[in-house]
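Since the structure comes first, as C-alpha cells, the remarks are kept for the end.
The values are calculated or read from the model by the stated rules, or taken from the named source; none is laboratory data. What you see is a predicted model, and the numbers here were worked out from it, not measured in a lab. Backbone-built Cβ (ideal geometry, glycine too); neighbour counts: all protein chains shown.
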Amino acid sequence: MQRAMISICRKLSGTAVLAALVLHAGPAATAPLPVDRIVAVVNNGVITEHELRSRLDNTLRQLERQKTPLPPRGLLEKQVLERMITERVLVQMAEDTNIRFEGPQLDRALARIAQQNNLSPEQFRAALEKEGTDYNAFRNQIREEMMISRLRERDVESRITVTDAEIDNYLANPAAESGQQTEYRLAHILVLAPEGASPEQLEATRAKAEKAYAELQAGADFRQVSASYSDTQNALQGGDLGWRSLAQLPTLFAVAVKDIKRGGYSPVLKSANGFHILKLADLRGKDVALVVTQTHARHILVKLNEVVTDNDARNRLQQLKERIENGADFAELAKLHSDDLSASKGGDLGWLSPGDTVPQFERVMDALKPGELSEPIASPFGWHLIQVLERREQDVTQERRRFEARQAIRNRKAEEAFEDWIRQARDRAYVEYRLEE
C-alpha cells in the first residue's frame, strides 16, 4: 500500500540519528557515544549504519560457515542493504495490518531453532553470542521473518486457486508422467526489474544479470555470485530451490532445465519480474508410493488474532477437551467453536494421507490411537484439538497423482505471485538512499 512520506524523515540528518554525551558524576566524563548515521529511509522508518554493519557481519559469518567464497565487501554491502529495505517494507505492511509475533509464540519459534541445532534455548543463545551474534538482534530478525511469512500466507498464498480443469489438463499432458518421475535440484539467481521499468532500466537490469552470468562462466562459485547479485529471499543460501518436479517449476524454468547438464547453468532468462540464471545441481528419479497409511481425523481450530492470544486459544481448547471427555459431542462442539471450514462437518477432515497436513499437526495426529484426543497443539494456523477416528492402508495412486498435480500447480503459481507481489510492494515504497553520503 502507498504510504505517505513523513516530513520528519526528510529532515533527518544524513550524518546522524543521534549524537549524545553521557555524563556521570565524578571527576571525568565518559567519551561521546558513537554517531550512528542513516543509510536508508524506508517509508516512515530508517535503516542505520549500525544495523547494516551488524547484518553485514552476520552475513559474512554465515557465508564463511557455508564455505562460500566471499564476494567483494562493497558489492555484498549493497545487496544486504537492498534485502534489508525489502524486509523493512514487508514488516511495515505486516505491522500496519496487525500481524505481530511476540512473547510465547516467538519463544517457541526460537526453541524450535535451538532444538534443530540439538541445543537448549540457553545453550543456543550462548552459542550465538560466542560467535559474535547479538541475541536480541537475532530474535528480532526471526520475529520479522515470521511476520513476513504470515503476510505471504495471507496476501499471496491464500488467494491462489487451482481448478479441477487445470489438474486434468496437467495430467493429460504426456510429459506430466515423466516430469513427475524426475526431480531436479536447482539453484536460482534473480535480478529484479522495477515494475513498469523503462527500456533503460531494463537494460541496466539485464546488464547486471549478464555480469553475474559472466562471472559464473569464468568459474566463480554460484553461491558467491548469488550472494552478490541475487534479489531472492534465499540468496545467501545460494538460491537453493530444493528438489522439484517439472510441474513444480515455473514454465520458463521447466523449459530451460531440459537443456542444462548436471552442474551447468542456463543462459540469462527473461520473465515479467526480471532476469534469471538457473543451475542444475542434480537430478534423480522419484519413487511414487502406491500404498499409504491414511488417518480419518477431525479437529477443532481456534485461530489467533489481535484479541485471541496463545493462552486464550489453548485454554479454550482445554476446556472443550474436558467437556468431550465428560460426554459432550465432539462434532457439535466443532460446529459451535471451530474457526476452520470443516466446522460445518463437525470438524471432520476426511481421510488424510502423509503430507496432507502441516508437520506440527501430522506429528501429533500420527501418535494418537483411534478414538484418542490430543492435547491442544499449535500450528501456523492457530491451536488445534485433534481426534483420530480410524486408520487404513489405502492404494492412493490416482489420488496421489491428482494431489501432487494440484500441489505442483499451486506452488508454481504461488512462487510467481510472490515474486511479483514483492516487486510491487518494493516499488510502491518510499526509499531514500544515504549509504554513499
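For residue 114, the conditions (1) part of a helix (DSSP H, G or I); (2) in contact (Cβ under 8 Å) with a residue 40 or more places away in the chain all hold with the exception of (2).
On the stretch given as region 183-202, residues that are surrounded by 12 or more Cβ atoms within 10 Å (Cβ to Cβ) and either among the acidic types (Asp, Glu) or in a loop (DSSP other than H, G, I, E, B) (or both) total 5. Residues of region 358-396 that are among the β-branched types (Val, Ile, Thr), without any contact (Cβ under 8 Å) to a residue 60 or more places away in the chain and surrounded by 15 or more Cβ atoms within 10 Å (Cβ to Cβ): 364, 377.
Within region 357-367, does at least one residue satisfy the condition of being hydroxyl-bearing (Ser, Thr, Tyr) and over 26 Å from the mean Cα position of the chain (by Cα)? Within region 357-367, not a single residue is hydroxyl-bearing (Ser, Thr, Tyr) and over 26 Å from the mean Cα position of the chain (by Cα). Of all residues in region 310-355, count the ones that are of a type in the set (Val, Ile, Thr) and without any contact (Cβ under 8 Å) to a residue 24 or more places away in the chain. So the count comes out to 0. One residue alone among 349, 301 is touching a His at 6+ places or on another chain (Cβ under 6 Å), under 30 Å from residue 404 (Cα atoms), at pLDDT 95 or above and outside any loop (DSSP other than H, G, I, E, B), and that residue is 301. Checking 391, 410, 402 one by one, the residue that is under 30 Å from residue 317 (Cβ atoms) and part of a helix (DSSP H, G or I) is 410 and no other. Residues considered: 175, 212, 187, 165. Of these, the only one that is farther than 20 Å from residue 103 by Cα, at pLDDT 90 or above and out of contact with any strand residue (DSSP E or B) (no Cβ under 9 Å at 6 or more places or on another chain) is 165.
Within region 128-142, the set of residues being part of a helix (DSSP H, G or I) and within 24 Å of the chain's Cα centre (by Cα) comprises 128, 135, 136, 137, 138, 139, 140, 141, 142. The residues of region 284-307 that are surrounded by fewer than 16 Cβ atoms within 10 Å (Cβ to Cβ) and under 24 Å from the mean Cα position of the chain (by Cα), listed by number, are 303, 305, 306. Only residues that are at pLDDT below 90, within 22 Å of residue 193 (Cα to Cα), among the small types (Gly, Ala, Ser) and in a helix (DSSP H, G or I) were counted in region 228-255, giving 2. Taking the criterion of being aliphatic (A, V, I, L, M), within 12 Å of residue 383 (Cβ to Cβ) and not in a loop (DSSP other than H, G, I, E, B), the residues of region 304-338 that qualify are 313, 317, 320. For residue 253, state whether it is within 28 Å of residue 167 (Cα to Cα), surrounded by 15 or more Cβ atoms within 10 Å (Cβ to Cβ) and among the aromatic types (Phe, Trp, Tyr). For residue 253, the condition - within 28 Å of residue 167 (Cα to Cα), surrounded by 15 or more Cβ atoms within 10 Å (Cβ to Cβ) and among the aromatic types (Phe, Trp, Tyr) - is met.
Among residues of region 126-137 that are outside the structural domain of residue 59 (by TED's automatic domain parsing), none has a beta-carbon under 7 Å from a residue that is polar (S, T, N, Q) and loosely packed, with under 13 Cβ neighbours inside 10 Å at least six positions away or on a different chain. Which members of region 53-76 meet the condition of being surrounded by fewer than 19 Cβ atoms within 10 Å (Cβ to Cβ) and in a helix (DSSP H, G or I)? Scanning region 53-76 gives 53, 54, 56, 57, 60, 61, 62, 64, 65, 73, 74, 75. Within region 352-365, the set of residues being charged (D, E, K, R) and either touching a helix residue (DSSP H, G or I) at 6+ places or on another chain (Cβ under 8 Å) or at pLDDT 95 or above (or both) comprises just one member, 356. Of all the numbered requirements in (1) among the basic types (Lys, Arg); (2) touching a His at 6+ places or on another chain (Cβ under 8 Å); (3) outside the structural domain of residue 324 (by TED's automatic domain parsing), residue 406 misses one, and that requirement is (2).
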